Each structure stands twice: as C-alpha cells, then as structure tokens.
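Student: Have a look at this one before I ask anything.
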Amino acid sequence: TASSTSVRFNTGTSTGTSTPEIGTSTPLFDSFYPPVSVSMSILPQEAPVGGSVALTWLSQNATSCTASDGWDGVRPTLGAARIEPLQFSLNFVITCQGPGGIASTSALVVVGGEQ
C-alpha cells in the first residue's frame, strides 16, 4: 500500500510541474517576436512616359527590406525613393523580414501613352 501511494504522488508531482512550464513559455516566446508588417504608397499612380513616381514605405518589427520587380536592391526599413524615367507600367514590390516573419506589399504605376 505504501509503494502505490508513493507512485501516485510522484506521477502527480511530475505532471503538475510540467504543465505550468509549457504554459508560461508560449506567451513569452510570442511577445519577443511580434509579426512583421509593411505598407507602401506611390504618387502619382498614373504617370506620363518619361515621368517619375515617388515611393514611400514603412515597416514594423522588420530588420531588413528588399525591393524587387520595378526596382531592385536592399532598402532601409523606412524610406522613400524616386523612380525615373518611366517607360512602361511597373509593379514595385518590397519584402521585409524580421524575427517575427516576412511581409510583402506592392504598388503599381500605370504609365500613359502605352500602345
């Protein structure tokens, strides 16, 4: 009888101590790595051939950003760029990443006078 009581006590103790540890580690992990987000605007959204556009972007919780499609290269996590001269419609994409993940957005400029 004494040995079965001892077994029940040990089982109850190990289960009780492991559950709180798992519960407390999950919220701490999530709070260290908030999700990455990025937004971008383009002005004007329509431009003549040979014209220019201004791009501005802002990311949150990102450590680096990369431009692709209508422009290329490593970009700061917050910035602005002027693209000229425009020859045809372009889609500008920016992708930012950080410990919490990756986010991407795009902006389209329509260039007038296209056939």
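Student: To the nearest 10 square angstrom, how much accessible area does Glu46 have with a 1.4 angstrom probe?
Tutor: Counting only protein heavy atoms, Glu46 exposes about 140 Å² to solvent.
Student: Mind pulling up the Rg/Rh value for the range 63-115? Radius of gyration and Kirkwood radius, both on Cα.
Tutor: Ratio value, two decimals: 1.05.
Student: May I ask you to compute the full-extension gain from Asn91 to Gln45, defined as 0.36 nm times their residue separation minus their alpha-carbon distance, rounded to one decimal in nm?
Tutor: Using 0.36 nm per residue and subtracting the Cα-Cα distance, I get 15.5 nm.
The values are calculated or read from the model by the stated rules, or taken from the named source; none is laboratory data. Keep in mind that this is a model prediction, so the values were computed, not measured. Accessible surface areas use protein heavy atoms only, side chains included; no ligands, DNA or RNA. Shrake-Rupley method; radii C 1.70, N 1.55, O 1.52, S 1.80 Å.
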